[in-house]
Every structure is written in structure tokens, then in C-alpha cells.
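Structure record follows, encoded as C-alpha cells.
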Amino acid sequence: MKKTSVGDFENKRWKGRDQRLVFRHAEAIGMVREKEKVLDIGCGDGLLLQSLSQKGAIVSGVDISEEGVKKCKEKGFDAILFDASTESLPFLDKTFDTVIILDVLEHVYAPEILLAEAVRVSKKHIIISVPNFNSLPARIQVLSGKVPENNLPHKGHLYWFNYSVLTNLLKRNHLKITESRYNTFWENVFLLGKITKSLCRLFPSLFALSFVVKVTTE
């Protein structure tokens, strides 16, 4: 049987069509200021690098995928091949104003180690997004005998997050949340959207589909 590494898995992803701008990207872009020096960990095909560059940020990226790094370089961005499971980030301490980790921590066996590296190379801020594995839709799917979307093999998820798991991880690493954003289901449905958004703020681990937080390392 042919063995497949995480790098092979991600190469297959980035050989396909490019990603599109979604909730996590839009929120992260809004949290970055013009002229900030930014590192995108898990930069993929460079979509976020491109958007941040257009905003006036100075951007760099790292990714485990050779295909992803290649696409970034073809777009003119500084990108480096990087395996979080075996390497330290190839940058000096406090190189960047902001480090971004969007939907990456759930793909590694030891997210705390990667987070510590992000803290090391950041001067002040880290922006993190993770999907919520315990959302109400996921719970309903389990009860009905289905595998939730986030648990399907093609997602490549290794570590499960909900809001409590995320906040506890941040507390252990002495990181303080300064901004947080959630998306939820039925957001665009009249009246129902207002209800789920309100419930999401009260019970994020149940009603949020994903979380985007900005934390400070000070």
C-alpha cells in the first residue's frame, strides 16, 4: 500500500482549484492594519497573502505543501516550505507584528507546539481560526447516525476544537483574546438569523460553526 504523508495530502488539495474568500479570511483581513508585517502560517495558495498585500501589509507565508508554496511564489509572494511537526519556524524572535493561523491548528497533532512558535516570532498579535467540532448541526448529524462534515476523511482534521478547548489552549499559553468573531447557521434567514447570532454569542460551542480570535502576546 502506498504511504501518504501530510505533505502529500496538502499537495493534492492545492493541485486542485484555488480557495475562495470565506468568513475566516474576511475577519482576519479586518483585524490587520496597513503596513503591518504579517506571517501567514498555512498560507496555501496565497489567497490571504494577496488580500493582505492589497490592504498594504507586508506579508510572508509558510506551508507544508510544495504545491501551495509554488502557487504563492508564482503570485510574487515570499513563501517557505515548512513542516510544523518537525521544524521550528525559520524566523528570529519577534520578527512579525502579527502571525495568522487560519484553520491550521486542527490539522496538526500538537497544536500547542505550533502556537508556541507563533508566539515566539510575533511582536504582539496572533489571529487564529478553528472550526467548531461540537456545533449543533454536528451533534444532530451524530444523533442521526451520520458523520459530521468536519470529521470526514477529506478534511484531514487531527485535533478537535470547540470554544472551551480553544480558550483553554490560549490561557495555558498566557494569551489574551482582544477580538472574537463567530459565524453560525441560518445567518441570512429572516428572523432566524438574528436568533442564531444572539444564541451564538451566549453559547458559542453550540451555535458557532467556527471561531476567529485575535490574541495578544503581552
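The table below lists the values:
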| read-out | value |
| --- | --- |
| Any hit, the stretch 51-67, residues being in contact with a Ser or Thr (Cβ under 6 Å, 6 or more places away or on another chain) and part of a loop (DSSP other than H, G, I, E, B) | no |
| Per-region count, the stretch 159-189, residues at pLDDT 90 or above, outside any strand (DSSP E or B) and exposed (fewer than 14 other Cβ atoms within 10 Å of the Cβ) | 5 |
| Total residues in the stretch 85-110, condition at pLDDT 95 or above and within 21 Å of residue 155 (Cα to Cα) | 7 |
| Residues within the stretch 76-99 that are loosely packed, with under 14 Cβ neighbours inside 10 Å and under 20 Å from residue 32 (Cβ atoms), tallied | 2 |
| Selection count, the stretch 68-96, where residues are in contact with a Leu (Cβ under 6 Å, 6 or more places away or on another chain) and either among the acidic types (Asp, Glu) or not in a helix (DSSP H, G or I) (or both) | 3 |
| Filter result for the condition that a residue is among the polar types (S, T, N, Q) and either modelled with pLDDT under 95 or more than 14 Å from residue 19 (Cβ to Cβ) (or both), over 54, 50 | 54 |
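Residues checked against (1) buried (at least 22 other Cβ atoms within 10 Å of the Cβ); (2) in contact with a helix residue (DSSP H, G or I) (Cβ under 9 Å, 6 or more places away or on another chain):
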| site | (1), (2) |
| --- | --- |
| 109 | no, no |
| 112 | no, yes |
| 116 | no, no |
| 119 | no, no |
| 123 | no, no |
| 128 | yes, yes |
| 145 | no, no |
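The values are calculated or read from the model by the stated rules, or taken from the named source; none is laboratory data. Everything quoted here is computed from the prediction, not taken from an experiment. Cβ coordinates were reconstructed from backbone atoms using ideal geometry, including for glycine residues, and neighbour counts include every protein chain displayed.
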